[in-house]
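Peer 1: Below you will find the structure I want to go over with you.
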Amino acid sequence: MNQPGRQLLIVYDNYTLKQAVTPDWGFSCLITLPQHQILFDTGGDPSILLKNMQELGVDPQKIEAVVLSHAHGDHVGGLSGFFRMQPRAVIYLPGSFPASFKEALRRAYARVEEVTGPRMICPGVYTTGELGYGLKEQSLVIKTGAGLVIITGCAHPGIVEIVEHAARVFKEEVYLLIGGFHLMGYSPSELKNIAGSLHRLKVKKIAPCHCSGDEAREFFKAYYRDKYIACAAGLVLAIPDLKE
Ligand SMILES: [Zn+2]
Ligand SMILES: [Zn+2]
């Protein structure tokens, strides 16, 4: 990869923009900053993750940390393949992850950090901390001069709840909301309520993918118009200047 400054790259998604990049149910996004590379989620299949990384010019060895959103296979399944390539990366996972999963990682000498509340991953990049009841999930937040970039895995705690929490904790408006919104099967009136809530929360740009559902994607596309971004594997988005 020729030295990108600050960017998001979708490595793994249900949809793809490039023929050489395999679409598969799951999500993984690479955050590149001048000094840091962080992988958020790992998709479901190790070989698809590694192949997509290769096609997209991603060098796993340069990735210093992996943030796992939640303990579902379509987000953590690719980790074993990644870990083989880069065993020194720190793995940030919700403290509520199954004990067996954490023990297996530690047996493999992985550097595991258990997340409960919001905390910094590297300068400018934060986790929301684990949210939700039952199955807990963390989202990633990048603090930029244009506002927050929020990246969600499946948004099981609720996409609106995640944005409300991030806006409260990080005290900024939201520049971009990207990732799985988990809105399959939602009715048009439910989608309208959610879009209205996100609008009130001042979400400027929106890029639903993964488990968001085709109806929700179409709905947000019509609602957000030129502020809607068609998100799929292979998508590269520039990250505005960080706010320290
Ligand atoms: Zn999930
Ligand atoms: Zn998912």
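Peer 1: Name the residues whose placed amide hydrogens come within less than 5 Å of the amide hydrogen of Val11, ignoring near sequence neighbours (fewer than 5 apart) on the same chain.
Peer 2: Excluding prolines and chain starts, which carry no amide H, the hits are Ser28, Cys29, Leu30, Gly234.
Peer 1: Taking only C-alpha pairs under 8 Å that are 6+ residues apart, what is the relative contact order of the chain in percent? Provide the component values of the computation, followed by the final result.
Peer 2: Working: 574 pairs, mean separation 48.7, N = 244.
Relative contact order, the chain: 20 percent.
Peer 1: Could you check the spin-label model distance between Ala222 and Ala238? Points 7 Å from the Cα along Cα→Cβ, value in nm.
Peer 2: 3.2 nm
Peer 1: In nm, to one decimal, how far is the Lys202 label point from the Glu103 one, both placed 7 Å along Cα→Cβ?
Peer 2: The modelled label-to-label distance comes out at 4.8 nm.
Peer 1: While we're looking at this one, here's another question. Could you pull out every residue, at least 5 positions away or on a different chain, whose amide H is within less than 5 Å of the one on Arg111? Hs are placed 1.01 Å off N in the peptide plane, and Pro or chain starts have none.
Peer 2: Ile91
Peer 1: Sorted from largest down, what three extents in whole angstroms do the Cα atoms of the stretch 14-95 have along their principal axes?
Peer 2: Cα spread of the stretch 14-95 along its principal axes, largest to smallest: 33, 29, 21 Å.
Peer 1: Let me ask something else about it. Each residue of the stretch 74-80 in order: what ³J(HN,Hα) in whole Hz does its phi give by Karplus 6.51 cos²θ - 1.76 cosθ + 1.60, θ = phi - 60°, with x for Gly and Pro?
Peer 2: For the stretch 74-80, the Karplus-derived couplings read 6, 10, 10, x, x, 4, 4 Hz, x marking Gly and Pro.
Peer 1: Using θ = phi - 60° and the Karplus form 6.51 cos²θ - 1.76 cosθ + 1.60, what ³J(HN,Hα) does each residue of the stretch 14-23 get, whole Hz, x for Gly and Pro?
Peer 2: Karplus-based 3J(HN,Hα) across the stretch 14-23 equals 4, 10, 9, 9, 10, 4, 6, 9, 6, x Hz.
Peer 1: Order these peptides, 98-106, 120-128, 72-80, by their mean beta-carbon neighbour count within 10 angstrom, highest first.
Peer 2: On the way: 98-106: 12.1, 120-128: 18.9, 72-80: 21.4.
Packing proxy ranking, top to bottom: 72-80, 120-128, 98-106.
Peer 1: How high is the FRET efficiency from Lys171 to Val90, r the C-beta distance, R0 22 Å, rounded to 0.05?
Peer 2: Values: r = 27 Å, r/R0 = 1.21.
With a Förster radius of 22 Å, E is 0.25.
Peer 1: If you don't mind, there's one more thing I want to ask. Can you give the angle from 0 to 90° between the axis of helix 46-55 and the longest principal axis of the chain, with both taken from C-alpha atoms, to the nearest 10?
Peer 2: The angle comes out at about 80 degrees.
Peer 1: Roughly speaking, what is the stretch gain from Met120 to Ser80, that is 0.36 nm per residue apart minus the C-alpha to C-alpha distance, in nm to one decimal? Walk me through the intermediate numbers first.
Peer 2: Details: separation 40, 0.36 × 40 = 14.40 nm, distance 2.44 nm.
Computed gain between Met120 and Ser80 is 12.0 nm.
Peer 1: Provide the per-residue ³J(HN,Hα) series for the stretch 211-225, in order, calculated from phi with Karplus coefficients 6.51, -1.76, 1.60 and θ = phi - 60°, each as a whole number of Hz, with x at glycine and proline positions.
Peer 2: So the Karplus estimates, Gly and Pro as x, are 8, 5, x, 5, 5, 5, 4, 4, 4, 5, 4, 6, 6, 8, 6 Hz.
Peer 1: Still on this structure, I have one more. Taking the stretch 154-234 as the region of interest, what is the percent of Cα-Cα pairs per 5 angstrom bin, listed from the shortest bin to the one with the maximum distance?
Peer 2: 3, 16, 29, 30, 16, 6, 1
Peer 1: Please work out how much length the chain gains when fully extended from Gln35 to Glu113, using 0.36 nm per residue of separation minus the C-alpha to C-alpha distance, in nm with one decimal.
Peer 2: On the way: separation 78, 0.36 × 78 = 28.08 nm, distance 2.05 nm.
Once the chain is fully extended between Gln35 and Glu113, it gains 26.0 nm.
Peer 1: Further question: Measuring from centroid to centroid over Cα atoms, what is the spacing of the stretch 48-123 and the stretch 206-244 in Å?
Peer 2: 24 Å
Peer 1: Extent of the stretch 126-167 along each principal axis, from alpha carbon coordinates, in Å, largest to smallest?
Peer 2: 34, 16, 14
Peer 1: Hey, another quick one. Which value results when the Cα radius of gyration for the stretch 7-235 is divided by 2.2 N^0.38 Å?
Peer 2: 0.94
Bear in mind that the values in this text are calculations on the coordinates, not laboratory data. Predicted, not measured: the structure shown is a model, and the values here were computed from it. Cβ: placed from backbone, ideal geometry, glycine included. Neighbour counts: every protein chain shown.
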